[in-house]
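Read through the structure below, which is laid out as structure tokens, and then see the notes.
The values are calculated or read from the model by the stated rules, or taken from the named source; none is laboratory data. Owing to the predicted nature of the structure, the values given are computational and were not obtained by experimental measurement. Here the Cβ is made from the backbone with ideal geometry for all residues, glycine too, and neighbour counts use every protein chain on show. Side chains are part of the model used for accessible areas, which takes the heavy atoms of the whole protein and leaves out ligands, DNA and RNA. Shrake-Rupley method; radii C 1.70, N 1.55, O 1.52, S 1.80 Å.
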Amino acid sequence: MLKQHLQFKLSQKLSPQQIQLMKLIQLPTQAFEQRLKQELEENPALENGKDDTTDYDNDDIDNSTQEDDYDSESINAEDINVDEYLSDDEVPEYRLQANNYSSDDEDKSVPYAAGTSFHQHLINQLNTFRLNDDQRDIAEFLVGSVDESGYIRRSVPDIVDDLAFTQNVFTEESEVEKIFQVVQQLDPAGVCARDLQECLLIQLDRKEPTKSIELAYEILDKSFEQFTKKHYSKLIQKYDITEEELRDAIHEIERLNPKPGGSYAGNNRIVEHVIPDFTIKIIDGELDLSLNGRNAPELHVSREYNNMLKGYKDTKAKSKSQKDAVQFIKQKLDAAKWFIDAIKQRQETLYVTMNCIMHYQEEYFLTGDERKLRPMILKDIADTIGMDVSTVSRVANSKYVDTPYGTKLIKEFFSESMKNDEGEDVSTREIKKILETVINEEDKRKPLTDDKLAVILKEKGYPIARRTVAKYREQLNISVARLRKEI
């Protein structure tokens with residue numbers, strides 16, 4: 001008996017434009033400026049600055065739309081609606097001034113020096129993941145096991161044993177493997193790998209897939225030994241590829257970093273010039289958020305390119321060379337339009353996300369008291385503004401905000417929560433701040449032990465275990481009681 005079945009499969013695949021937009025959102029100010037400069041150099045139809053002389057002819061505008069296809073073989077010059085590019089409405093001229101920034105405001109370009117240890121750099125990133133106490137302990141232990149090259153060169157059974165004996169965390173190998181999947185998402189790409197093969201595969205997996213990258217991944221995954229021994233003829237035969245295809249794949253592999261922690265070796269610090277992406281000020285008791293003016297370029301489509309299309313429109317006899325030229329112009333203008341729109345979307349996304357974070361942590365930004373920081377994870381912000389968690393993560397990644405209390409890494413505002421004795425959710429950052437205050441006010445001739453600190457915190461309404469107190473103390477880089485003793 002013949003049966004027919006109708007099956008629907010829902011799949012989502014990002015377009016190249018969407019992928020590029022996500023990459024733009026992730027860029028901090030300095031990297032964004034480099035990307036902008038690159039686009040201006042590569043696309044002559046895109047120009048920087050405001051175009052005040054726009055006076056295009058809009059007579060007989062045909063507002064019909066058509067689907068664009070950039071394949072040179074399928075573009076028909078006769079079908080191109082030239083008027084679409086001559087309309088004032090269709091010539092994007094983007095200008096979004098950051099609130100409360102004047103053109104001579106120096107705050108937006110002052111670099112700040114910042115530094116952090118490699119280990120702390122990894123620990124800070126864990127705040128963006130939802131982990132329970134045991135998972136957090138495992139993740140921090142794994143991060144603590146990373147060597148200078150960025151690897152964790154220990155077997156899972158050994159890690160399980162050490163967790164039990166040194167951290168009093170009893171877990172299974174499967175749970176450790178699960179947390180490995182978390183820590184291997186940290187930056188730089190490839191960190192927390194257990195060997196070179198895994199390190200390179202992690203990096204390839206994060207790249208936008210191309211034929212060369214997919215082949216490189218297959219070679220490393222299935223034929224790593226043959227690759228390391230340079231048995232290229234066997235690889236060509238095995239994958240039925242040409243020497244050029246193999247060369248392209250090898251080129252992709254050679255561009256990877258075999259030692260993702262190598263840049264931190266020696267002084268073990270990241271030293272960078274930080275340009276705040278946002279500024280938060282208090283004006284008349286109210287919070288005021290602004291984007292760095294360097295994130296708000298004035299871009300417009302080239303007047304010269306529009307004139308070329310106008311000339312094509314007015315020409316009655318259109319030669320083949322003119323048709324070829326208008327195809328090129330169309331592609332460049334469409335690319336310029338998309339880039340201008342993408343920058344606008346980037347800035348709107350940055351502003352909306354940071355604005356939500358600012359209001360979520362309003363008490364902190366008004367007072368500067370870290371005890372006022374609320375528990376906050378990526379999903380809290382994503383749900384509020386109706387965006388994906390990955391988008392919020394890209395906004396928070398490697399971006400800084402200038403506040404009345406100093407320049408802060410946005411990731412630092414994310415923290416997990418625990419219950420106080422009244423059953424309310426409080427931020428772990430709040431507890432650490434109180435712990436730090438208690439230690440600073442202690443009698444240094446008789447410093448408080450972790451047990452006594454746990455009792456004091458419990459009396460203040462924060463019932464946490466001694467082991468947790470020790471963990472928070474270490475995260476604050478505060479020594480044990482005997483080393484804090486003074487005469």
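For every other residue with a beta carbon closer than 13 angstrom to the beta carbon of LEU27, add +1 if it is Lys or Arg and -1 if Asp or Glu, then tell me the sum.
Working: positive: LYS23, ARG35, LYS37, ARG294, ARG346, ARG394, LYS399; negative: GLU33, GLU39, ASP277.
Surrounding charge for LEU27 is +4.
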Here, ILE236 and ASP380, labelled 7 Å along Cα→Cβ, have an inter-label distance in nm of 5.9
Residues meeting the amide H criterion for LYS399 (H placed from the backbone, H to H distance under 5 Å, 5 or more places apart or on another chain) are ILE410, LYS411
Taking a crude spin-label model, label points 7 Å out from Cα along the C-beta direction, the THR228 to ASP205 distance in nm is 1.9
The percentage of the accessible area of the stretch 314-391 (probe 1.4 Å, all protein chains present) made up of carbon and sulfur atoms, to the nearest whole number, is 49
Here, ASP161 and GLN197, labelled 7 Å along Cα→Cβ, have an inter-label distance in nm of 2.4
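Calculate the FRET efficiency for ILE19 and GLN181 from the Cβ-Cβ distance with a Förster distance of 25 Å, rounded to the nearest 0.05. Write out the running numbers ahead of the final one.
Numbers: r = 23 Å, r/R0 = 0.91.
My answer for the efficiency is 0.65.
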Packing-ranked peptide list from 172-185, 394-407, highest mean Cβ count within 10 angstrom first, is 394-407, 172-185
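Grab the Cα-Cα distance for ARG35 and ASP443, subtract it from 0.36 nm times how many residues apart they are, and report the gain in nm with one decimal. Walk me through the intermediate numbers first.
Working: separation 408, 0.36 × 408 = 146.88 nm, distance 5.41 nm.
Stretched out fully, the ARG35 to ASP443 stretch lengthens by 141.5 nm.
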Extension length gain for SER145 and ASP334 (0.36 nm per residue less Cα distance), in nm, is 63.1 nm
The summed charge of the GLU41 Cβ neighbourhood (under 12 Å; Lys/Arg +1, Asp/Glu -1) stands at -1
On the accessible surface of the stretch 180-220, probed at 1.4 Å with all protein chains in place, carbon and sulfur together account for a percent value of 48
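Once you've got the Cα coordinates, tell me which of LYS372/LYS408; LYS23/LYS330; LYS37/LYS379; LYS178/LYS234; LYS344/LYS411 are over 27 Å apart.
Details: LYS372/LYS408 16 Å; LYS23/LYS330 25 Å; LYS37/LYS379 34 Å; LYS178/LYS234 35 Å; LYS344/LYS411 23 Å.
LYS37/LYS379; LYS178/LYS234, as the Cα separations exceed 27 Å there.
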Surrounding charge for LEU215, neighbours by C-beta under 12 angstrom, Lys/Arg +1, Asp/Glu -1, total -4
Percent of all Cα-Cα pairs per 5 Å bin for the stretch 424-481, counting from 0 up to the last occupied bin, reads 4, 19, 37, 27, 10, 3, 1, 0
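Hey, what D do you get for the stretch 333-453 in µm²/s if you plug the Kirkwood alpha-carbon radius into Stokes-Einstein at 4 °C and 1.567 mPa s? Don't jump to the answer; show the numbers that get you there.
Numbers: Rh = 16.7 Å.
Once the numbers are plugged in, D ends up at 77 µm²/s.
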